[in-house]
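Here's the structure we're looking at; comments come further down.
The values are calculated or read from the model by the stated rules, or taken from the named source; none is laboratory data. Just so we're clear, the structure is a prediction, and the values are computed from it rather than from any experiment. Using ideal geometry, Cβ is built from the backbone for each residue, glycine included, and neighbour counts are taken over all protein chains shown.
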Amino acid sequence: MENPILKRYAVRKYQPTAVAVADVDQLVAAFEAAPCGMHQVADMEGAVITDPKLRDAVEDASNNACYGAPLLFAIATKKDSQFGERDASAAAENVMVQAAALGLGSVYVMSGALAVNGHPDLLKQIGVDDGYQLTVIVAVGKAAEESPAPDRSNRYKVVRN
């Protein structure tokens with residue numbers, strides 16, 4: 001089996017096919033397994049958005065930053081959390097790697113999440129609690145076009161001591 005960490009790449013065009021409930025359960029389990037700073041698990045919450053009307057509202061509020069994905073995994077963190085953004089990024093990576101393992105595509109959407117924060121009524125519909133803000137959205141679904149994962153070897157400077 002191909003390593004899902006190496007297989008994962010950003011998908012910005014999706015098939016309209018819904019993500020299977022069993023796959024959603026695995027994405028939620030991956031989110032739940034994410035590390036968190038200082039074991040402050042109450043500082044982060046997630047919402048799985050599959051309802052077409054709610055997805056469309058998020059798409060509109062995010063300036064179409066979710067690329068029409070059939071599933072949006074919204075990750076919110078406490079506004080005053082010391083580690084919130086880092087925790088949300090780690091959780092998003094877990095969701096994206098699990099999506100790749102399931103043969104699904106995904107993309108990390110930060111600017112769209114920040115735009116949605118300007119819509120308090122929509123945040124309530126998503127299920128974001130008071131005192132929290134949307135930190136990242138992971139758009140998930142079957143890629144409209146299959147593409148091989150890019151070669152990322154030697155992408156960053158790595159010093160081995």
From (1) surrounded by 15 or more Cβ atoms within 10 Å (Cβ to Cβ); (2) in contact (Cβ under 8 Å) with a residue 24 or more places away in the chain; (3) assigned to a helix (DSSP H, G or I), pick out the condition that doesn't hold for Val28. (2)
Does Ala57 satisfy the condition of being outside any strand (DSSP E or B), at pLDDT 95 or above and among the hydrophobic types (A, V, I, L, M, F, W, C)? yes
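Can you find, within the range 1-25, the residue that is surrounded by the fewest Cβ atoms within 10 Å (Cβ to Cβ) among those that are among the charged types (D, E, K, R) and modelled with pLDDT under 85? Quick ask: steps written out before the conclusion?
Quick first cut of the range 1-25, residues among the charged types (D, E, K, R) only: 2, 7-8, 12-13, 23, 25.
Restricting the remaining residues to those that are modelled with pLDDT under 85 gives 2, 7.
On the way: Glu2: 9, Lys7: 15.
Checking each candidate, the answer is Glu2.
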List the residue pairs whose Cβ atoms are under 6 Å apart, where the first residue sits in the range 69-83 and is touching a residue at least 24 places away in the same chain (Cβ under 8 Å), the second is aromatic (Phe, Trp, Tyr) and assigned to a strand (DSSP E or B), and the two are 6 or more positions apart or on different chains. Ala69/Tyr14; Ala76/Tyr132; Lys78/Tyr132
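Given the options Ala34, Ala65, name the one that is within 23 Å of Ala115 (Cβ to Cβ), under 13 Å from the mean Cα position of the chain (by Cα) and either in a loop (DSSP other than H, G, I, E, B) or modelled with pLDDT under 95 (or both). Please lay out each step first, then the result.
Working: Ala34 fails: within 23 Å of Ala115 (Cβ to Cβ).
Checking each option against the conditions leaves just Ala65.
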